Amino acid sequence: MATDSNVIFWQHQAFEPEGDAQERRKFGDAGTVRMHRLGALGPNTTLAHMNMLDERDVELILAMKPGLSWCPNNAMGYRITPPHKCWFPHLYRNGASVSLGVDTIIIHPMGIAGLMSLY
């Protein structure tokens, strides 16, 4: 529907390990795979966070070209990256559209996302 209406579909996805595991148990696969199956993964889709990715997610992102909004401050603040692999350098080098975001300015000051991405 978003593509037909020429609007952007935006959502938080694959933020942290527990939520991602719960989603995979409930629906049987990752959000990226499910969105692709439903026809909702494409250039008019923007996904925030995307910390919990596997190789299949990465393949779909590179093939379908959704926008990604990475919040490195949250990934590190919640101790997601590390220890979990951060795919954003690979995605960016391979043509994915990656922006930097901050979605909790109460905790993280404005302008910090760029600095945190250098970590």
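Between a first residue in the range 7-26 that is of a type in the set (S, T, N, Q) and a second residue that is at pLDDT 90 or above and part of a helix (DSSP H, G or I), which pairs have beta carbons less than 9 Å apart while being 6 or more apart in sequence or on different chains?
As it stands, the answer is Q11/G31; Q11/M35; Q13/D20; Q13/E23; Q13/G31; Q13/T32; Q13/M35, since those pairs meet every condition given.
Write out, first by first residue and then by second, each pair whose Cβ atoms fall under 9 Å of each other, whose residues are 6+ apart or on separate chains, and whose first residue, in the range 55-71, is over 23 Å from V7 (Cβ atoms) while the second is among the aromatic types (F, W, Y) and surrounded by 19 or more Cβ atoms within 10 Å (Cβ to Cβ).
Pairs that qualify, where the first residue is over 23 Å from V7 (Cβ atoms) and the partner is among the aromatic types (F, W, Y) and surrounded by 19 or more Cβ atoms within 10 Å (Cβ to Cβ), are D57/W87; V58/W87.
Return the only residue of M110, M64, M116, M76 being at negative phi, of a type outside the set (S, T, N, Q) and at pLDDT 90 or above. It would help to see each step written out before you state the result.
Numbers: M110 fails: at pLDDT 90 or above; M116 fails: at pLDDT 90 or above; M76 fails: at pLDDT 90 or above.
Within the list M110, M64, M116, M76, the selection yields M64.
The values are calculated or read from the model by the stated rules, or taken from the named source; none is laboratory data. Just so it is clear, the structure is predicted and the values come from calculations on it, not from any experiment. Quick reminder, even Gly has a Cβ in these numbers, built from the backbone with ideal geometry, and neighbours come from all protein chains shown.
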